[in-house]
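Each remark here refers to the structure printed beneath this line.
The values are calculated or read from the model by the stated rules, or taken from the named source; none is laboratory data. The model shown is predicted, which means the values in this text are computed figures rather than measured ones. For neighbour counting, all protein chains shown are included, and Cβ atoms are generated from backbone atoms with ideal geometry for every residue, glycine included. These area figures cover heavy atoms from the full protein model, side chains too; ligands, DNA and RNA do not enter into them. Shrake-Rupley method; radii C 1.70, N 1.55, O 1.52, S 1.80 Å.
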Amino acid sequence: MASGTTASAAPKGKRKSSSRRRLVRRLIGLGIPLTVAAVAVVLAVYTQITLTFEGRVWTLPSRIYSARLHVVPGMALDRDALAARLERCGYARIDAPPLRPGQFRVRGGALDVNVRAWKGGDRPIPARRAILNFDREAIEAIADERGRPVASADFEPELLALVFGPRQEERQVVPLKDAPKSLVSAVLAAEDTRFYEHAGIDPLAIARAMFKNVESGRIVQGGSTITQQTVKNLYLGQERTWWRKAREALMSVILDLKYPKDRILEVYLNEVYLGQRGPVAICGMGSAARHYFGRALPDLSLAESATLAGLIRNPGGYTPFAHPDRCVARRDQVLDAMVEQKFVDPAAAAAAKKEPLRLAAGGAGFAQAPYVVDLVRAQLAAAYPATALSEQGLRIFTTIDTVVQSRAEQALSRGLDRLERDVPAVHRQAAKRRLQGAVIVTDPRTGAILALVGGRDYQDSQFNRATQAHRQPGSCFKPFVYLAAFEAARGAQEGGLTPASRLDDSPLEMVSGGKPWRPENYDGGFGDPVTARFALEHSLNVPTARAALGVGLKPVIDAARRCGLPEAFEPLPSLALGAQEVIPIELARAYGTFATLGLSAEPRILDSVESADGKKLDSSPPAIKEVVRPDAAYLVVDVLRGVLTEGTAASAASWGFSGDAAGKTGTTDDTRDAWFVGFTPEILTLVWVGYDDNARTGLTGAAGALPIWVDVMMGSRHRWAGSSFPEPPGISRVEIDPVTGGLAVDGCPQRREEVFLAGTEPEPCAEHQSALRRWWHNLFHKDKPVRSL
């Protein structure tokens, strides 16, 4: 029996051993692919993390900026306009002295600003205090914080727009070394006190959070480390599954092993979501500091650092704009945590708790000058691919002066509202169609566009009437007729005129294009012969048509083309009265030739483009050439000055305009278009008013466009106040009889000084000259006009 038992036991042992071997083989067979799979997963995660952290972590939107603002004592700048610009730039208006950059105070007639430092564009702007004292809407003096006189002050460019890709995230990447110690400590106290101790995940924090949540009966605390939050934000999104948590833990450990803690923290501070500005997410501490406090990150106080750190947990619930009390309570919790961790001493925390919220204008920056932004984007698209604009953080500087731009937008809106309210013909149409308009403001010396408004309401219509509309200029074309005629007078060419030349104002009829053409003056009447000056100042149609026919339509077209209008004009007599279409921006350029006494500057809105690290990629210097002799251009300017003092725009004074300027009203047939283009040597403003469907407005240029022009110009005096037109060589001034246009003699009942191209002065007034004087002059001086009698 014993031997039988032993024999039966051996096979059983062998069977167990065999089973174990099979199990081991199976485990090995499963383990190898599992190990391979695990290694593959780890390698894939490692590669994913490495590619991100060692490449470009974020896609950064490009920023479109205005020009910087340079101010000096004596400049005619409105205090409230400058304060509004500061608020749009995110400065915080406070009642106390502005001790830190990004703050300002309005006190009586003074504006006390702590200017933020700025790098970029043509030169940096240092951080400094500037106190601007205003007197009668002008800067009387500028001083520093000690009261010492300062020669000038510069303010940073204003952010007009961001060029986004699919993700609308505003982010300003700031190196960790530039983050204040108070901010780093506040974030660690609020989110991960053991950040520099754990290996990417923190079991103690997880256990502590679970205990708190069980104790409270709800989720009141999370256990995610800063490393885990960074992984979630960069790679995983917001889904809540066990698989996502497992991946998060693995990636956090790998990230912690691969990179220094400071690098992880730097990425976190630039990645973390901290609120919303409309559809745009505020990401990173740099953009949050500007959004909430109007300050650069290094300038944050302890209280402000604690506020931003407190927002991380619930940006919407703790936003200081909507929930200031909750925000302050959360800030104080963070300060208590900082004391507990010995990051700050209790006295400093207590002082920070007493600091009031001083918030910036958080709504500024992403919706400025939309017609300008569209034009800039269209021009950039020709030179930069869409991905470069939406991902590489380019900094695009324009020529826009936002003080002028803001005034232009307001003036157009106010002016059109007034017309629809007060003008019966417009009021009756208000329910059917909205009156539209456009404003262009340029520096004619350089072609820089200082302001551009393409319509009444961008949300209602994105059509840019300033750069895309084709409209008849009406009487705004007439100066080019007289320019051609004045130029022809230099060589005694056919049709040459001087401002004193007399033009017939009797009925005119001719055949044009196979049809009869009978020009009429605006009032439908005719009159006695008038001087060329009077005809242009009062915008008479019939004398202007005669002037154009006298000098020839081809020279008129050539003069207009040289000044910047298109070459496609048809040589029809109605051209002289502005019956062929132009684009407003082209007309502005053409008038700029008068303002500069013969120089044509191509309109430019782009100034320069820089990479995200400040390297200059592109610049757009002025493109200027002489197209008209200065003395001929000056004659036109001098007559156009009379438009504002004696002619069709004389009502400008009643609207509040004062200053030395020249300009021209424009009204088309059937009052479909109302224009005014006016300028000083430094600034030119064009205003157009009309309906998009070309319906009649019943408005003249003086009634529809001129009041808006005055509003814009009086809000832009820092660009032109006190300037006058320089008289170039080759100009002669003599006294004439304003009725006959002849050189004034003793018998002339009226006299006025008139300007001429040297050598084109008129003969003595025949109507009032004695027979003896005429005989004497004809005998000895018939080839030399008498200068004065």
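Out of every Cα-Cα pair in region 436-576, what percent are more than 21 Å apart?
Values: 5108 of 9870 pairs.
Here the long-distance tail beyond 21 Å is 52 percent of all Cα pairs in region 436-576.
Note down the nm distance, to one decimal, between modelled labels 7 Å out along Cα→Cβ at Ala381 and at Asp154.
Distance between the two pseudo-spin positions: 3.4 nm.
What shape does region 615-769 have by the C-alpha gyration tensor, where a ≥ b ≥ c are the square roots of the eigenvalues, rounded means a/c under 1.5, and otherwise prolate means a/b greater than b/c and oblate the rest?
Values: a/c = 2.18, a/b = 1.38, b/c = 1.58.
Oblate shape, in that a/c is at least 1.5 and b/c is the bigger or equal ratio.
Kindly identify region 135-196 as rounded, prolate or oblate by the Cα gyration tensor criterion: order the square roots of the eigenvalues as a ≥ b ≥ c, call it rounded if a/c is under 1.5, otherwise compare a/b with b/c, prolate if a/b is larger, else oblate. All intermediate terms of the calculation are to be shown ahead of the outcome.
Details: a/c = 4.00, a/b = 1.69, b/c = 2.37.
Because a/c hits 1.5 or more and a/b fails to exceed b/c, region 135-196 counts as oblate.
Arrange the peptides 313-322, 550-559, 162-171 so that the one whose residues have, on average, the most other Cβ atoms within 10 Å appears first. Don't jump to the answer; show the numbers that get you there.
Details: 313-322: 15.8, 550-559: 20.1, 162-171: 17.6.
The densest-packed peptide leads the list: 550-559, 162-171, 313-322.
Straight distance only, please: which aspartates and glutamates reach the Cα of Lys625 with their own Cα at less than 19 Å, same-chain residues fewer than 8 apart left out?
Asp443, Glu487, Asp558, Glu567, Glu586, Glu602, Asp607, Glu682
When the chain is fully extended, how far beyond the present Cα-Cα distance does Ala430 get from Glu494, taking 0.36 nm per residue of separation?
Result for the pair: 18.1 nm of gain on full extension.
Computed over the Cα atoms of region 297-447, what is the ratio Rg over Rh, Rh following Kirkwood?
Using only Cα positions, Rg/Rh for region 297-447 is 1.18.
Rounded to the nearest Å, what's the spacing between the alpha carbon centres of region 455-491 and region 324-398? Just the number, please.
Distance between centres, Cα-based: 43 Å.
Full extension from Arg167 to Lys181: what is 0.36 nm times the residue separation minus their Cα-Cα distance, to one decimal in nm?
Gain on stretching Arg167 to Lys181: 2.0 nm.
Which of Lys177/Lys354; Lys177/Lys616; Lys245/Lys354; Lys245/Lys353; Lys232/Lys354 have a Cα-Cα distance over 30 Å?
Lys245/Lys354; Lys245/Lys353; Lys232/Lys354
Give me the angle, in degrees from 0 to 90, between the Cα long axis of helix 302-311 and the longest principal axis of the Cα atoms of the chain, rounded to the nearest 10.
Its long axis makes an angle of about 70 degrees.
What shape does the chain take by its C-alpha gyration tensor, where a ≥ b ≥ c are the square roots of the eigenvalues and a/c under 1.5 counts as rounded, a/b above b/c as prolate, and the rest as oblate?
In terms of gyration-tensor shape, prolate.
Each label point is 7 Å from the Cα along the Cα-to-Cβ direction; what then is the distance between the points at Gln459 and Gln341, in nm?
4.2
Using the heavy atoms of the protein chains and a 1.4 angstrom probe, tell me the accessible area per residue for the chain in square angstrom.
45
Where does helix 541-551 land angle-wise versus the long Cα axis of the chain, in degrees 0 to 90, nearest 10?
Approximately 80 degrees, to the nearest 10.
Work out Dmax and Rg for region 611-680 from the C-alpha atoms and quote the Rg first, both in angstrom.
Final numbers for Rg and Dmax: 18.7, 56 Å.
Rounded to the nearest 500, what is the chain's calculated 222 nm mean residue ellipticity when only DSSP H runs of at least 4 contribute -39500 (n - 2.57) each, over all residues?
That calculation yields -12000 deg cm²/dmol at 222 nm.
Can you list the aspartates and glutamates whose alpha carbon is less than 20 Å from that of Lys261, not counting same-chain residues fewer than 8 positions off?
Within reach: Glu54, Asp178, Glu191, Asp192, Glu197, Asp202, Glu248, Glu271.
Compute the length gained on full extension between Met510 and Trp655: take 0.36 nm times their separation in residues and subtract their Cα-Cα distance, giving the result in nm to one decimal. It would help to have the intermediate numbers written out before the result.
Details: separation 145, 0.36 × 145 = 52.20 nm, distance 4.01 nm.
Length gained between Met510 and Trp655: 48.2 nm.
Once the Cβ-Cβ distance between Ser723 and Asn314 is put in as r, and R0 is 45 Å, what FRET efficiency do you end up with, to the nearest 0.05?
0.20
What nm distance separates the two modelled labels at Ser732 and Arg751, each placed 7 Å from Cα along Cα→Cβ?
So the label points at Ser732 and Arg751 sit 1.8 nm apart.
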